Amino acid sequence: MSPAMESNTASELDLALLNALQVSPRADWQQVGTALGVSAATVARRWDSLHGRGLAWVGLTMGHRRSQEIASAFALVTCVGDPKVVAARLAREREVATIARTMGSHDLLLDILVHDLESLRRYLAIGLARIEGVGAVVSYPITTIFTTGSRWRVRALEPNQVRQLSGGALPGSPRFTTNLDRLDHQLIGALTEDARLSWTELATQCATSAPTARRRIQRLFSSGVIELRCELATPLVGPAIQVTFFLQLPSPSIQEAGKLIAAMSKCRLAASVVDRSNLVATMWFSSPAEIEPFEALLLSAFPQLAVNERIVHLHPVKRIGHLLDAQDRATGEVVPLAAW
């Protein structure tokens with residue numbers, strides 16, 4: 001069966017492979033195969049099929065330290081005209097890392113990442129307004145990130161398999177840096193498109209040596225500047241409904257609630273923001289029937305909590321720079337992030 005004819009539904013081996021690369025995105029195929037109990041050739045072949053069909057990819061996102069240095073915000077956009085056309089225009093913006101088309105009173109949900117607060121203020125006030133078709137914008141500057149999509153897991157592996165893979169991505173002693181030079185930016189740009197490039201391939205693209213490429217990436221990884229991220233299209237995990245909740249809690253409860261939500265297996269993102277709605281959470285549910293129990297659980301833990309808005313995602317347009325089709329598959333086109 002040709003790759004084009006293969007099902008978009010993941011097999012048990014596919015899910016285990018994806019989980020392995022979520023744990024250790026740059027693990028070699030021998031290591032992955034050993035952990036999964038199959039040959040290196042088998043996992044390499046399965047990855048080539050998944051990646052070739054845009055169903056899974058490995059890229060970069062902001063590491064924990066870089067996330068604290070940059071400025072970010074969510075933005076709800078109401079479009080003047082066709083939301084599909086407006087989303088396509090916004091997808092070309094380096095400041096807009098992630099876009100989802102949504103149902104309800106807003107047409108688009110954006111994640112915006114820029115260098116600093118002044119850049120964020122300027123982009124929210126001026127940058128978005130210059131995009132044809134962008135109407136009303138409601139913004140939510142982010143203060144604390146409790147979890148992101150890079151920490152979400154398929155959970156297809158046994159604990160002993162996770163232990164075999166943990167720490168295998170970039171071994172070495174920590175060397176800290178926050179100052180990025182031209183070569184750092186070139187390496188980040190190449191790995192943003194495909195973070196499983198071999199050291200030799202990466203070095204060739206960036207006109208350096210493989211040992212230098214490896215040493216630089218290890219330093220950026222250890223410094224918390226970059227974080228490896230294995231992503232997958234939602235069809236691989238079966239039916240999914242993605243909902244972003246805008247929650248309001250008393251200030252003393254935000255940290256506790258954020259950590260509680262972040263620990264849930266269905267949580268893709270949780271962050272506190274500056275607004276009347278002071279906590280935002282994006283969840284992946286298998287059906288709409290799971291929404292009410294989720295809210296009931298939160299209300300039982302935090303009786304003063306209010307759900308101010310529920311944003312149901314129609315389909316993704318862009319995820320951490322990677323452009324997606326209507327089935328959440330990577331098109332192979334990547335827009336570099338302005339925040340680097």
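The values are calculated or read from the model by the stated rules, or taken from the named source; none is laboratory data. Everything quoted here is computed from the prediction, not taken from an experiment. As a convention, Cβ positions derive from the backbone with ideal geometry for all residues, glycine included, and neighbour counts pool all protein chains shown. Each accessible area value is taken on the protein alone, full model and side chains, heavy atoms only, with ligands, DNA and RNA left out. Shrake-Rupley method; radii C 1.70, N 1.55, O 1.52, S 1.80 Å.
General remarks:
- Contact map, region 219-239: first residue within 15 Å of Ala10 (Cα to Cα), second residue among the aromatic types (Phe, Trp, Tyr), Cβ cut-off under 6 Å, separation 6 or more or different chains; pairs are Glu231/Trp57.
- Output for region 210-235, where each listed residue is within 22 Å of the chain's Cα centre (by Cα) and either assigned to a strand (DSSP E or B) or charged (D, E, K, R) (or both): Arg219, Ile226, Glu227, Leu228, Arg229, Cys230, Glu231, Leu232
- Close contacts from region 297-313, counting a first residue that is in contact (Cβ under 8 Å) with a residue 24 or more places away in the chain and a second that is open to solvent by 40 Å² or more (accessible area, probe 1.4 Å) and of a type in the set (Gly, Ala, Ser), with Cβ to Cβ under 7 Å and a gap of 6+ residues or different chains, come to Ile311/Gly104; Val312/Gly104.
- Criterion violated by Ser300 - all others in (1) of a type in the set (S, T, N, Q); (2) closer than 22 Å to Leu55 by Cβ; (3) modelled with pLDDT of 95 or more; (4) out of contact with any Lys or Arg (no Cβ under 9 Å at 6 or more places or on another chain) satisfied: (2)
- Breaking point among (1) open to solvent by less than 70 Å² (accessible area, probe 1.4 Å); (2) modelled with pLDDT of 90 or more; (3) small (Gly, Ala, Ser), for Ala207: (1)
- Every listed requirement among (1) buried (at least 21 other Cβ atoms within 10 Å of the Cβ); (2) in contact with a Phe, Trp or Tyr (Cβ under 8 Å, 6 or more places away or on another chain); (3) within 17 Å of Phe146 (Cα to Cα) is met by Ser277 save one, (1).
- Members of region 11-52 found to be within 18 Å of Ser198 (Cβ to Cβ), open to solvent by 10 Å² or more (accessible area, probe 1.4 Å) and either part of a helix (DSSP H, G or I) or small (Gly, Ala, Ser) (or both), listed by number: Trp29, Gln30, Gln31, Ala40, Ala41, Ala44, Arg45, Trp47, Asp48, His51, Gly52
- Residues in region 214-246 that are of a type in the set (Val, Ile, Thr) and open to solvent by less than 10 Å² (accessible area, probe 1.4 Å) were compared, and the one that is farthest from Gly149 (Cα to Cα) is Ile217.
- Counted as qualifying within region 269-340 are no strands (runs of 3 or more DSSP E), as none has 2 or more residues that are acidic (Asp, Glu).
- Taking residues in region 56-74 that are assigned to a loop (DSSP other than H, G, I, E, B), and partners anywhere that are of a type in the set (Asp, Glu), the pairs with Cβ atoms closer than 9 Å and at least 6 places apart or on different chains are Gly63/Glu227; Ile70/Asp116.
- Residues satisfying the stated conditions in region 10-51, i.e. without any contact (Cβ under 8 Å) to a residue 40 or more places away in the chain and under 15 Å from Asn160 (Cα atoms): Leu17, Gly33, Gly37
- Any pair with Cβ under 9 angstrom, 6 or more apart, that starts in region 146-160 at a residue that is on the phi > 0 side of the Ramachandran plot and ends at one that is modelled with pLDDT of 85 or more and open to solvent by 30 Å² or more (accessible area, probe 1.4 Å): Arg155/Leu15; Arg155/Ser265
- Any chance Ser272 is out of contact with any strand residue (DSSP E or B) (no Cβ under 7 Å at 6 or more places or on another chain) and either hydroxyl-bearing (Ser, Thr, Tyr) or crowded, with 19+ Cβ neighbours inside 10 Å (or both): no
Conditions tested, residue by residue: (1) open to solvent by 40 Å² or more (accessible area, probe 1.4 Å); (2) small (Gly, Ala, Ser); (3) in contact with a strand residue (DSSP E or B) (Cβ under 6 Å, 6 or more places away or on another chain); (4) under 19 Å from Arg329 (Cα atoms).
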| residue | (1), (2), (3), (4) |
| --- | --- |
| Val80 | yes, no, yes, no |
| Ala88 | yes, yes, no, yes |
| Arg94 | yes, no, no, no |
| Ala97 | no, yes, yes, yes |
| Thr102 | no, no, yes, yes |
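- Of all residue pairs spaced 6 or more apart or on separate chains, those with beta-carbon atoms under 7 Å, a first member in region 96-107 that is under 11 Å from Val317 (Cα atoms) and a second member that is open to solvent by less than 40 Å² (accessible area, probe 1.4 Å) and of a type in the set (Gly, Ala, Ser) are Ala97/Gly321; Ile99/Ala87; Ile99/Ala91; Arg101/Ala87.
- In the condition set (1) closer than 30 Å to Leu297 by Cα; (2) free of Cβ contacts under 8 Å to residues at least 40 places away in the same chain; (3) part of a loop (DSSP other than H, G, I, E, B); (4) not acidic (Asp, Glu), Ala207 is compliant with all but (1).
- Taken as a whole, the condition of being crowded, with 17+ Cβ neighbours inside 10 Å and out of contact with any Phe, Trp or Tyr (no Cβ under 6 Å at 6 or more places or on another chain) applies to Ser67.
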